Amino acid sequence: MKIIRLVLILAWLIAPTLSSLVSAQTTNQLDADAKKEGRLVLYASAAVPQLQMYFAAFNKRYPFIKTEYYRTDKQKLLSRILLEHRSKQHLADLVHTSVIETHIAKTRGALSRHVPNEAASYPSQYKDHEGYWTSVYASGTLMGFNSRQISRADAPKRYEDLLLPRWKNVMGLDNTKIEWFAMLLKLKGRSFMEKLAAQNPQVMAGNTNLLNLLAAGEFAVTPGVYEYSVEVLKNKGAPVDWVGLEPVIVYTVAVSLPAQPPHPNAAKLFIEWLLSKEGQEVINQYGRVPIRDDIESKYGKILKQHKLLMTDVDLGQKEVEINETLRQLFR
């Protein structure tokens with residue numbers, strides 16, 4: 001009995017060491033296999049400067065991999081991924097886009113299952129339960145306001161406040177924020193959205209465009225703008241500020257493997273790096289909200305001040321219906 005107990009104690013003591021050795025061996029093998037492939041092609045909807053920051057840091061650590069990217073907006077990116085999948089053109093090694101478009105690609109069979117080692121420490125709501133994608137960073141939508149026209153005390157504090165008479169004809173909305181519109185519709189209902197449309201907001205495309213016009217005084221408030229964008233503009237001296245209408249609607253950007261990537265090991269190595277503390281620090285430096293809890297993120301602090309509502313990952317399945325609803329409401 002004593003011998004068995006001793007064996008169990010020894011096993012418990014050396015298990016972490018064995019686990020570390022196995023992990024190190026796996027990582028070393030992945031490095032070697034990726035080096036043999038020597039190339040990585042990333043399909044992404046993130047901004048070009050952000051992708052360039054990724055590769056500058058990644059290539060510094062892994063100079064033996066030649067990296068390149070194809071970048072377009074998320075809807076066009078999804079169309080290209082699905083087209084190449086149907087025509088059996090396997091060009092992309094990685095997909096890096098909104099979790100909604102990623103989920104559509106998954107349901108169409110265009111992704112392969114891959115569970116990164118680094119994903120083990122990520123909260124479950126930021127991972128596909130079947131192992132097809134892992135979220136890399138989050139974006140929350142706040143309400144921006146022109147601080148010359150109104151004070152923080154007078155700014156709307158709840159979604160219902162947007163329906164007050166004083167905000168009629170002085171509101172701007174970005175009609176590309178499908179996630180925000182869809183989740184607000186789900187949260188508040190059709191009647192609320194009809195009343196919001198009756199406020200006669202200026203509807204246009206583009207987060208940056210909307211904020212620049214807000215700063216210029218074209219309107220007083222604009223709900224549904226990304227937290228980092230309004231804060232950056234504010235820090236540059238623009239007369240803008242923000243309020244978090246709760247729940248703050250949040251969506252994430254994920255990373256995943258296509259069904260048959262030409263360079264799977266280089267792709268897996270990049271995923272491990274992007275999810276690691278080093279990769280997440282790069283995301284933080286660019287001004288996005290990393291998922292890891294061990295990163296000090298100023299924009300993450302903004303989101304943590306509020307009650308959050310995660311966007312439904314299957315939203316893309318209803319995109320045609322949602323777009324038609326928005327078209328009818330905000331003509």
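Tell me, what is the FRET efficiency for LEU83 and ARG166 to the nearest 0.05, using R0 = 45 angstrom and their Cβ-Cβ distance as r? So the FRET efficiency works out to roughly 0.40. In terms of accessible area, using a 1.4 Å probe and ignoring ligands and nucleic acids, ARG108, ARG288 rank largest first as ARG108, ARG288.
As a length-normalised measure over Cα pairs under 8 Å and 6 or more apart, the relative contact order of the stretch 45-186 settles at 15 percent. ASP293 contributes about 120 Å² of solvent-accessible surface, heavy atoms of the protein only, 1.4 Å probe. Annotation: aspartates and glutamates with alpha-carbon distance below 16 angstrom to LYS66 (same-chain offsets under eight excluded): ASP31, ASP33, GLU37, ASP93. Quick check: at a probe of 1.4 Å, how many percent of the accessible area of the stretch 101-254 sits on carbon and sulfur atoms? After summing per-atom areas, the C and S share lands at 48 percent. Once backbone amide H atoms are built at 1.01 Å from N, ASN175 has MET204, ALA205, GLY206 as its partners under 5 Å, excluding neighbours fewer than 5 places away on the same chain. Residues in the stretch 188-203 carry Karplus couplings, in order, of 10, x, 4, 4, 4, 5, 5, 5, 5, 5, 5, 6, 6, x, 7, 9 Hz; the curve used is 6.51 cos²θ - 1.76 cosθ + 1.60 with θ = phi - 60°, and Gly or Pro positions show x. Check which residues have an amide H placed less than 5 Å from VAL136's amide H, if you skip close sequence neighbours. Long-range HN contacts for VAL136: VAL253, ALA254, VAL255.
Counted by Cβ distance under 11 Å from ILE283, the other residues give a net charge of +1, where Lys and Arg count +1 and Asp and Glu count -1.
Heavy-atom accessible surface of the chain, averaged per residue, reaches 49 Å², computed with a 1.4 Å probe. At the residue level, ASP161 shows approximately 30 square angstrom of accessible surface with a 1.4 angstrom probe and all protein chains present.
Over the chain, DSSP H runs of length four or greater, each weighted -39,500 (n - 2.57), average out per residue to a 222 nm ellipticity of -14000 deg cm²/dmol.
Relative to one another, the C-alpha centroids of the stretch 72-131 and the stretch 162-185 are positioned 30 Å apart.
Of all beta bridges that DSSP places with both ends in the chain, some 60 percent have antiparallel geometry.
The values are calculated or read from the model by the stated rules, or taken from the named source; none is laboratory data. Every value quoted in this text rests on a predicted model; they were computed, and no experiment measured them. As a convention, Cβ positions derive from the backbone with ideal geometry for all residues, glycine included, and neighbour counts pool all protein chains shown. The area values use the complete protein model at the heavy-atom level, side chains included, leaving out ligands, DNA and RNA. Shrake-Rupley method; radii C 1.70, N 1.55, O 1.52, S 1.80 Å.
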